[in-house]
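Notes for the one structure printed next.
The values are calculated or read from the model by the stated rules, or taken from the named source; none is laboratory data. Everything numeric here is computed off the predicted structure, so don't read it as measured data. Cβ atoms come from the backbone with ideal geometry, glycine included; neighbour counts cover every protein chain shown. Heavy atoms of the whole protein, side chains included, go into the accessibility calculation; ligands, DNA and RNA do not. Shrake-Rupley method; radii C 1.70, N 1.55, O 1.52, S 1.80 Å.
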Amino acid sequence: MPELGTLAAFGTLPGLVRQLSGLGGCTHPIRLDGHRTEYALDTTTGEIGAVLSRLTSESMAAGHLLVRCNNRRTTRCPACAETYRRDTFHLITAGLRGGKGTPEDVAHHPRVFATFTAPGFGPVHNRPDSGRCRCGTAHPADAPELGTPLDPDAYDYEAAVLWNAHAGALWRRFSIYLRREIAKRAGLSQRAFRQYARVSFAKVAEYQRRGAVHFHAVIRLDGPEGGSTPPPAWATTDLLTDAIRAATSTAQVAGPVIHGHTHTFAFGRQLDVRSIHSNDCRDTDLTDRAVAAYIAKYATKGAETATGTLDRPLRFLAELAQVQLSSHAERMIRTAWTLGARKDLEHLRLRAWAHMLGFRGHFSTKTRRYSTTLGALRDARAEYRRAQAPQAPDETTYVLSHWVFAGTGLSPAEAWLTASLESAPGTEGEPTHG
């Protein structure tokens, strides 16, 4: 309250309110220093003339230009996460029933919703469909012990962390095997398959309560040019489903050798593959809209939501003493930190991703021709806002803008690139957006 009183006394409170209102509720806006200058432009000679207007960060009520953080995590910024969720919903929906540059005929292509789970690393407290947990208790849905090991000392924490670290590579291997399995069922070679069909998908990663990553994916079978071309006559939902099951059962990646034990990673036995129906179908709950909403929900959540771990990187392991974590989450983090000290595991960057329990892949990924991109949706929204802005510059105006992150001297693009190089998540073999 004293700060508000000071702002009111200096007459800057109304300006600050106007500045904050343009953030859409962002709770952690990014502060930029710099200026935006408009000059008169001679359209005949191209020469820049007199200054028409000049906006500087010092002249703003907040002392900086404030822009949205655009963080996808609900725990970091609910407002920006909601925007990300909605964009993901439209991206997934466009790949299921068309729109945003994707033809509507894509709704008639074979498509399924598949869930790929992690293997087991030891018994955990759960809520089976019938009966009681192995501990003899019928746990309520909000029981804090759900997902935690029955015997922590016997639980394979090293394998659990390494599974998360290799999950992205395993998905990439699965996607290769899936194309092989489809081609085999169509009686085609892998090279010939590309001339007849293409596999398109969009997936999101989710953490189970035990801290293991699993994937939800929309997988679609298209013609050779993606959603804009019809699939061949032999392409059916049953063929796609059968190929997914076969590829899942054979895909695996080799892991490191730890204490004489060679790790090999494959998906768990619980695989769910179901056909997606149109919104007009009332006999099922797995419709276009339901699938898009389900995937979009998990696109804004991380390990901190399901497992109760951290939502930002650790600089020192001693920081764990300042936060409240479950013993299971803390042990996963400590295991990742310990493994991260090994020279043979440097490429996994486990210390940089200890807060994510070893997983360094992208949460939301798609193939290039599944549908539109998150970047295209953001550009369309920015273009709309520019069109609605009063006194937009016309062709006789030259605009010069220069903004840098407050206190760093780096431009927004340079700061983003620096952060990406320092903590770039692992790729999974397909174009990634968001």
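Remark: segment 49-180 carries 47 Å² of accessible area per residue (probe radius 1.4 Å; ligands, DNA and RNA excluded).
Work out how much length ALA293 to THR236 would gain on full extension: take 0.36 nm times their residue separation and subtract the Cα-Cα distance, in nm to one decimal. Don't skip to the answer; put the middle values down first.
Values: separation 57, 0.36 × 57 = 20.52 nm, distance 2.48 nm.
Difference between extended and current length: 18.0 nm.
Calculated mean residue ellipticity, 222 nm, the chain: -10500 deg cm²/dmol, from DSSP H runs (n ≥ 4) at -39500 (n - 2.57) each, averaged per residue and rounded to 500. Magnitude of the charge dipole for the chain, about its Cα centre and with charges confined to Cβ atoms of Lys, Arg (+1) and Asp, Glu (-1), is about 960 debye.
Based on Cα contacts under 8 Å between residues 6+ apart, the chain shows a relative contact order of 22 percent.
Note on ILE176 and LEU400: their simple-model spin labels are 5.2 nm apart, each label 7 Å out from Cα toward Cβ.
With loop membership from DSSP and a limit of 13 other Cβ atoms within 10 Å, the longest segment of the chain without trypsin sites (Lys or Arg not before Pro) is 135-268. Relative to the current alpha-carbon distance between TYR384 and ALA62, full extension at 0.36 nm per residue lengthens the span by 113.4 nm.
Using the Cβ-Cβ distance between HIS214 and ALA192 with R0 = 35 Å, the FRET efficiency computed as 1/(1 + (r/R0)^6) comes to roughly 0.60.
Taking 41 Å as R0, compute the FRET efficiency from the Cβ-Cβ separation of ALA341 and ASN70 and round it to 0.05. It comes out at approximately 0.80. For segment 144-297, the orientation-averaged shadow of the C-alpha convex hull comes to 11.9 nm² (one quarter of the hull surface). The calculated FRET efficiency for ALA50 paired with HIS263, based on their beta-carbon distance and R0 = 60 Å, is about 0.30.
For segment 80-100 versus segment 130-146, the inter-centroid distance based on Cα atoms is 36 Å. Expressed as a whole percent, the accessible area of the chain that falls on carbon and sulfur atoms is 51 (1.4 Å probe).
Translational diffusion coefficient of segment 152-212 (Stokes-Einstein, Kirkwood radius from Cα pairs, 10 °C, 1.306 mPa s): 112 µm²/s.
Once fully extended, how much extra length lies between GLN322 and HIS108, figured as 0.36 nm per residue of separation less the alpha-carbon to alpha-carbon distance? Walk me through the numbers on the way to the answer.
Details: separation 214, 0.36 × 214 = 77.04 nm, distance 5.32 nm.
71.7 nm is the gain from fully extending GLN322 to HIS108.
In terms of Cα atoms, the Rg and Dmax of the chain work out to 25.4, 85 Å.
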